[in-house]
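Here is the structure we will look at.
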Amino acid sequence: MKNAYRQVCLLGLLLLFLPVAVAAQQLTQTIRGKIIDKESQEPLIGATVAILTTNPAMGTSTDVNGTFRLDKVPVGRHTLRISYMGYEEQVLPELLLGSGKELVLTIGLSESFKKLQEVVISAEKQSKGNPLNEMALISSRAISVEETKRYAASLNDPARAALNYAGVGASDDMSNEIVVRGNSPRGVLWRIEGVEVPNPSHFAEEGAAGGAISILSVNMLDNSDFYTGAFPAEYGNALSGIFDIRLRNGNNEKREYAFQAGVLGVDFAAEGPFKKGAKASYLANYRYSTLSLLNKIGVKIAGDATTDFQDFSYKLHIPTAKSGVFSAWGIGGLSQQAQQAKRDPEAWEGYWDRFDRLYKSGMGAAGLNHLFFLGKDDYLETALTISSNYNSNEVDSLSDSFDKTRYHNHRFSYQTARFSTLYNRKINNRHTVRTGLVLSRLAFDAFAESQNKEYQFVKMVEQDGATSMLQGYGQWKYRLSEQLTLNSGLHASYFALNGTAILEPRLGLKWDLRPGQSLSVGVGQHSRHEALSTYFTENPLADGSVVQPNKKLGLSRAAHYVLGYDRLLREDLRLKVETYYQRLYHVPVSTDPNSTFSAINYEDGFTTDTLVNKGTGRNYGVELTVEKFLTNDFYFLFTSSLYDSKYKALDGVARNTRFNGNYIFNFLAGKEFRVGRSKANMIGTNLKFLWAGGNRYTPVDLAASQQKGYPVLFQDQAFALQADDYFRTDVRISYRKNKPKASYVLSLDIQNLTNRLNVHSQSYDRAKGEIVTNHLPGMVPVLNYRIEF
C-alpha cells in the first residue's frame, strides 16, 4: 500500500496546485425547464421563476406549455424561487450551473389548501430532501444527482450515497449493497422509470441486491426517491428499502456531450434533439473499464484477478401533440473477473490459494413508457418492459502438478416481462387518487453443482420454467385540513407458482404543527418473494428421483410502524427524528428443529435446505438526522442510528441477525471555494467519518473442523460474535474549471483514507488447519477527469 499512498499524495498535490486564474470575462449559461402541478402533471401557465442569487435579479414566467427559459445566467451556484397563484411556493437552493451544460429542470408545485390563496415565501417552504412522490409522507427522501456526485467516496453511485442516510449501513466496503434498519440487503427493491428491475450492479452475486460498481451512470440520472420503511401502496415486492430511480430526458434544444476518464474506466455521454426545432430528444451513455489500473498503483481489490466491465444506457423522449408522451429507455451491463492461482505450490499458503475462478455476470432492462393526459386533472401512465440478469461461476482446484478438478459450477439466469399501468386523478386540492396494476412473467434457468463437505461432487439444482405474479394497488391522498394530510391505500399480490395471495393495508399521516415543523406516522404490511432458485431447489431421494421441497414456500412478510418528527431550525438547517418497529413473519427457515438457518440472514447465494415459512424477526430503533443544506458554500450532514435486530428460527431462540451492528454514526461536511479572477471556478473539499458496530458472525468449532477436515460452526451460537467497531474516513477533492464552451472537473475520491483494515469475519482455513481473520479492503483511491461540452 506504500505505492498507493505515494500516488494519493501526488494526486492530491496536483489538485491543490492547479492554476486557478482565468481571463476576467463573464461566463454564462442557460437555466430552463417546465413547471407542473405535482399531483396532476399538468403544466402551469404563468408561474414565476426568479433567481435569488444574481445582481441584478433575474426572472421570467412560464408560457402556455409551462416552460421557462433564463439565458445568460452567470455560472456558479444559484437559488431559484418558483411561485404560482394558489400554489405553495418552492425554493431550490444552491443549484450548480456550469458553462459546459444547460441546467434543465422539471419542477412540481403542490396546490395550496385554500385554492386561490397566494402563499408568501418563507424559510419553511424549502423542499430540500423531500421525496418527489407526493404520496410519500415518512421514511423517504430525494437523492439528488448533485449530492451523488459530491459526497465523499460515493463514486457517482446512488446506493453508496444512500449509505450516508440514517438507518442505512453497509455489509461490505467493496459492495454497494445496503442494510436498511437491520434487514437483509435482499429486501431492497430497485425500480427504474416506475418499474421493478433486476439489481443494476456489476459483479452481482446470485440473489444479491448490490455489487461492486453500479451500472447506473450519473450522466443518465435524474433526482430520485429512496425509502427506508412504511412504503406507499404503489410499491410492492419490497421488505426493507426502495430505490425509485428516474432517468432524465436529454436536452431537446442543444447537443451536449460529457467525457470522463479515471481509475474505474472511461465513459462517454451524448444528448440532444433528434432534429433542430423538434421536441423529441435522445440521451445515451457508454462506459468501459478495466480495474487492473488499480492493481498498477498497488491497490489490489480483487487480488491479482483480471477484472473488466462495460455498460450502456439510453433514453428517448418523444412528446406528441395529441397522443401523449412516449419514452423508450434501456440499461445493461456485463462484468467478468478471472483469477488464476499462482503456478507455484510453495506460494499456496491458504486453502483458497490453489483455486482458479472465472466469474461472469450481466444485467439488462428495456422499457417503453407512455404518459397520456385524459383531461386537465388526470393521466394514465403505461409501461411494457423486459429484463434479464445472469451470473455464472466456475471454480477449479489445482493439484501440485496443476491438474484441474472441478470444485464448483453454477449458471443462473432470469428473464422477466412486465406490463404496468397507473391511473392518477387529482379530484381537487384536497383529494388525489391513484390506482394501478402490474403483471409480471418470471422465467428462470438454474443449474448448480459443487463439492459437498465430504468432497463429493453433487448436483444441487437443474431446472428451468416460468411463473407469474400479479400486483394491484389503490391509494388516496386526502388533505383533511391545512395542517393534516392522510395517505391511505391497499396493495394486493398474487404469486401464481403456489397460489399465495396477500392483501397489505398501508397508512400515512402527516400533521404540520406549525410552518416548518411536522409530525408523521406510517404503518403498513409488506412482502417479497425469494429468488426463484430458492423455490426450485432439488433434493435427491434414495431411488434416484428428486423432489422440490420449497415449491410451496410463501412470501416473506413484514409489518412496519414508524413515527417521525421533522423541523426546520432555520432556513438551511433541518432536524429529523424517526423511531420505528418492524415485525417480520412468514420468514423461510430450515425445517430442521436444531438448525439456526433463516432467510433473514441472507446476503447472497442460494440454499439447498428444505424451508418452511415459520421464522420470525423484529427490528426496532431510533434515527437522528441534522442536516445543513449547502448554503454559503458549506454543508454538513450528521446521522445516527441506534437499533436492534433479532430473529428466531424453528428452535424459537431469539438471536442477533447477521446485520445487527446496533449503532451507526455518520458525519459529512464539505466546503467550496470560488477561485479565479471572475470566481467562475471552484475547488470542492468533502470529508466523511463513519463509526459503526462490527459485523456479526458465527464462531468456528476449531477442534471439530480439524477432525472433519472442513469448517464446522457452533450452530447453537449463530451470530453470537461481533467484530471490533468499524471506522472509516473518506475524502473527496475536486476542481471545476469553467471555460466559454466547456467545463472541466478533476476529482480524487479516497475511500478509507487511514488504510484501516476493518474486520469482516473469521473462518476456518483447511490448508492451515486454523482460524483466520478476514479483513475488509484498505485504502482505495479513485481519480477522475471529466469534460462537459
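The values are calculated or read from the model by the stated rules, or taken from the named source; none is laboratory data. These figures come from a predicted structure and were not determined experimentally. Here the Cβ positions follow ideal geometry from the backbone for every residue, glycine too, while neighbour counts run over all protein chains shown. Ligands, DNA and RNA are stripped out before the accessible areas are found, and what is left, the full protein with its side chains, is counted by its heavy atoms. Shrake-Rupley method; radii C 1.70, N 1.55, O 1.52, S 1.80 Å.
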Q: Find the residue count for the range 377-430, including only residues that are under 30 Å from R479 (Cα atoms) and open to solvent by less than 40 Å² (accessible area, probe 1.4 Å).
A: 10
(Q) Between V772, V731, V782, which is in a strand (DSSP E or B), more than 30 Å from L96 (Cβ to Cβ) and touching a residue at least 60 places away in the same chain (Cβ under 8 Å)? (A) V772
Q: Answer yes or no: is there a residue in the range 564-572 that is open to solvent by 20 Å² or more (accessible area, probe 1.4 Å), among the basic types (K, R) and under 27 Å from N199 (Cβ atoms).
A: no
Q.
Quick check on my filter: what residues within the range 661-672 are open to solvent by 60 Å² or more (accessible area, probe 1.4 Å) and out of contact with any Gly (no Cβ under 8 Å at 6 or more places or on another chain)?
A. F667
Q.
Just to check your reading of the model, which residue among A136, A159 is surrounded by 23 or more Cβ atoms within 10 Å (Cβ to Cβ) and part of a helix (DSSP H, G or I)?
A. A159
Q: Return yes when R574 is among the charged types (D, E, K, R), modelled with pLDDT of 90 or more and within 27 Å of V438 (Cα to Cα) and no when it is not.
A: no
Q.
Quick check on this structure: which one of S527, S488, S493 is among the small types (G, A, S), closer than 22 Å to G194 by Cα, under 28 Å from the mean Cα position of the chain (by Cα) and surrounded by fewer than 20 Cβ atoms within 10 Å (Cβ to Cβ)?
A. S488
Q: Quickly run through the range 74-100 and pick out the residues that are β-branched (V, I, T) and in contact with a Leu (Cβ under 6 Å, 6 or more places away or on another chain).
A: V75, T79
Q | Failed item in (1) at pLDDT below 95; (2) open to solvent by less than 20 Å² (accessible area, probe 1.4 Å), with F203 passing the rest | A | (2)
Q: Name the single residue, out of those in the range 248-271 being among the small types (G, A, S) and surrounded by fewer than 18 Cβ atoms within 10 Å (Cβ to Cβ), that is farthest from Y314 (Cα to Cα).
A: A261
**Q.** Filtered residues of the range 169-189 (kept if at pLDDT 95 or above and surrounded by fewer than 24 Cβ atoms within 10 Å (Cβ to Cβ))
**A.** L189
**Q.** Of all residues in the range 266-288 being assigned to a strand (DSSP E or B), free of Cβ contacts under 8 Å to residues at least 24 places away in the same chain and of a type outside the set (V, I, T), the one that is farthest from N219 (Cα to Cα)
**A.** P273
Q: Scan the range 511-532 and report the pairs whose first residue is under 17 Å from Y473 (Cβ atoms) and whose second residue is open to solvent by 20 Å² or more (accessible area, probe 1.4 Å) and of a type in the set (S, T, N, Q), with Cβ atoms within less than 9 Å and a gap of 6+ or a chain change.
A: S527/T500; H529/T500
Q.
Any residue at all in the range 444-465 that's over 26 Å from S323 (Cα atoms), in contact with a Pro (Cβ under 7 Å, 6 or more places away or on another chain) and surrounded by 15 or more Cβ atoms within 10 Å (Cβ to Cβ)?
A. no
